[in-house]
Amino acid sequence: MRVAVPVVFLLLALCGQAIATHQLGRSPAFLSNGYVLVPLSGRRVESLATTALFHTLFNDFATEPDGTTYVQTGDIPAMWLRDSSAQTIPYIRFQPFFPRLRERFAGVIERNARNILTDPYANAFTDRYHIWERKWEVDSLSFPIHLVWTYWQTTADRSVFTRSLHAAFWRVVQTYRCERDHARCSPYRYDYPVNTAYDYAAGTGMLWCAFRPSDDAVRYRYNIPQEMLAVVAMRELVTLAWAGYKDAALSAAAADLAQSIEHGIQAYGRFYDFRRGWTYVYETDAEGHALREDDANLPDLTAIPYLAYRSARDPVYLNTRDFALSTSNPLYFRGRYASGLGSAHTPRRWVWPLGIAARGLTATSASETMTALTMLAETDSREFLIHESFDPDAYWRFTRAEFGWANAVYAELIFRSVVGFAAVPSAQMAGAIASVPSETPTLTSPVEQLENQGRIAATLARLLSMMR
C-alpha cells in the first residue's frame, strides 16, 4: 500500500508555511528526525540520513547568469544531457508542494534545450555552452524530452514551453529522421578509431548510433535500449508538441518516428532463447548479428519498465530480465559483497550501483527490492553517497567518490520502496506504451511511510531555507 504524497506535504505547508521561512531551524526536535529507516536483509535496518537523498539536487545544480540551471554529473564538472535529466526527474514530485523548486527544474529544461540547439550530436557540455564531448548517443536527445514530459504531467506548468524548447524539439526530430537514414543524410563523424562493426542494414526504421549510454562505442549500430527510450520520448512528444505549441506537424513527425522505431525493435531487436523464449538483444546490426548482454548504464534492458517502455510483467521483458540478471550475461558479476551488472566502461568484473538500483526499482517482489537496497547500503560511502562502480569482492575499491546520476536513481528507489511515493508520471502515464504501470514494491507500513514522508518534507524544507 502506498500513502499519497499530498497528505504530509499539505500538512507541512499549513504548519507555518515552513517551506518559505527559517522557522524549521528553530525546532531541533523536528530536525532530529532527519533519517529514514531502510529495511535490509536479515531483519536489519539502516538509518539513512535524509540529506543524502537530496545531495545531487543541492550540490550538482547551479543557477547560471542567464537563468538556466547547470547540472554537473557529480564529481565531473560537465553537464550530460542524459545525466542532468535523470538527476532532475526524481525530485519533480516535490515541486507542487515546494514552488521554489520551479526555477531550478525549469532552468534544467531550458538549459538542455539550448545545449541541443548548440549541437544535437554532443552528449555533454560546459557551463559556457561549449562542447565537452561529442559522442552521438540516441538517448541523449530522448532523456530531455522524458524530463519535460515528467515535469509537465506533474506540475501543469506551461511556462517551460519556450521558443528554445520548441526549436529543440524540432532539432531532435530532424536529427532522428536523419539518423534513420544515416548513410545518405548524417553529417556526424567521429575522428578516433573505435571497435565498432562497420556494416549494418539500412532502412530498418531504427536510429543509427555511435556510442552507448556508458559513452563507450557500440559494437553494432542499433543499441536496443536507446531505441526503446526513443520510442517513449517520441510518443511523449506527440502530446507535448500539441499541448505546448499546437504544432500538428511536429506531433505527426514524432508519431511517425515512434512507429518506425518500434517496428524496427520488434523486427530486429529480439532473439529466441530456447531456454527462456523471446528476449530483447542489447545491440544488433539487423543483418543477423546481435549482442546478447546488458550494461548497467541506463537505458538498459533491465530498466525497461522504469523507462516506461514495457510493463514489469511483460513476458518478453521477464525473459530478458532473467537473462540479464544471470551469469549468461557476460556483464553480470558476482562477488562477496554484491552482485549485479557491470560495464565495459570500468574494470572487468566490477559492479555498478546504478544497475543494482534499477534492479530494485523494476523488481516485482519485495525480497528482490530489499536485496538491492541491502547491497547498496553495504557498499556506499560513509556519507551515503553512491559510487560509479566497485569491486564486489572489495567494495572499498571503487571508481568515482560520488556519482550524481546514481545518487538520484538511488534516491528514487528509496522514495518508492521506503518512503512510499508512487512512481513519477513518466512511468505512470505511459498507457500507450506499457500495459500495466510499473510499481516498485514497498517495504514499509502505511504508518512508517507517513513518518518517512514527514522527515523527507522537513529535510527538503530546511535545505531550501538555507539556499541563497
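Lys and Arg at +1, Asp and Glu at -1: add these up for the other residues within a Cβ distance under 9 Å of Gln72 and post the number. Don't jump to the answer; show the numbers that get you there.
Values: positive: none; negative: Asp60, Asp75, Asp83, Asp127.
Around Gln72, the charge tally is -4.
Taking 0.36 nm per intervening residue step and subtracting the Cα-Cα distance, what contour gain separates Asp191 from Thr327 on full extension? Don't skip to the answer; put the middle values down first.
On the way: separation 136, 0.36 × 136 = 48.96 nm, distance 3.54 nm.
Between Asp191 and Thr327, full extension yields 45.4 nm more.
Below 11 angstrom from the Cβ of Tyr129, what's the summed charge of the other residues (Lys, Arg +1; Asp, Glu -1)? Let's see the in-between values first.
Details: positive: Arg111, Arg114, Arg128; negative: Glu64, Asp66, Asp119, Asp127.
Summing Lys/Arg as +1 and Asp/Glu as -1 gives -1.
What ranking, highest mean first, results for peptides 182-189, 235-242 when packing means the other Cβ atoms within 10 Å averaged over each residue?
Details: 182-189: 11.9, 235-242: 22.1.
Those peptides, ordered most packed to least, come out 235-242, 182-189.
For Leu40, enumerate residues with amide H under 5 Å from its amide H, sequence gap 5+ or separate chain, H modeled in the peptide plane.
For Leu40, whose amide H was placed from the backbone, the distant partners under 5 Å are Val45, Glu46.
Rounded to the nearest 20 debye, what is the charge dipole size of the chain about its Cα centre when +1 sits on each Lys and Arg Cβ and -1 on each Asp and Glu Cβ? Don't jump to the answer; show the numbers that get you there.
Values: 45 positive and 47 negative charges, 151 e Å.
Rounded to the nearest 20 debye, it is 720 debye.
Using the number of other C-beta atoms within 10 angstrom as an exposure proxy, rank Arg462, Arg275 with the fewest first. Mind showing how you got there, number by number?
Values: Arg462 21, Arg275 9.
Neighbour counts put them in this order, fewest first: Arg275, Arg462.
Using Cα atoms only, what is the angle between the long axis of helix 163-180 and the major principal axis of the chain, expressed in degrees (0 to 90) to the nearest 10?
40 degrees
Summarise the long-distance tail of P(r) for region 339-422 by giving the % of C-alpha pairs beyond 16 Å. If you can, show how the numbers build up before the last one.
Numbers: 1594 of 3486 pairs.
So the pairs more than 16 Å apart make up 46 percent of the total in region 339-422.
How long are the three semi-axes of the equivalent ellipsoid for region 6-465, computed from the Cα gyration tensor as the root of 5 times each eigenvalue, in whole Å, largest first?
On the way: eigenvalues 223, 144, 80 Å².
Ellipsoid semi-axes (Å, largest first): 33, 27, 20.
Mind checking which of Asn329, Phe211, Thr371 is farthest towards the positive end of the chain's charge dipole, using Cβ charges of +1 (Lys, Arg) and -1 (Asp, Glu) about the Cα centre?
It is Thr371, whose Cα lies furthest towards the positive end.
With +1 on the Cβ of every Lys and Arg and -1 on the Cβ of every Asp and Glu, and nothing else charged, how large is the dipole of region 104-171 about its Cα centre, in debye rounded to the nearest 20? Can you show the working numbers first?
On the way: 9 positive and 7 negative charges, 40 e Å.
With Lys and Arg at +1 and Asp and Glu at -1, about 200 debye.
With axes computed from alpha carbons, what is the tilt in degrees of helix 139-155 against the longest principal axis of the chain, rounded to the nearest 10 within 0 to 90?
40 degrees
Any read-out appearing in this document is the output of simple, stated calculations on the displayed coordinates, not a laboratory observation. Bear in mind the structure is a predicted one, so any value in this text is a computation, not a measurement. With ideal geometry, Cβ positions are generated from the backbone for all residues, glycine too; neighbour counts draw on all protein chains shown.
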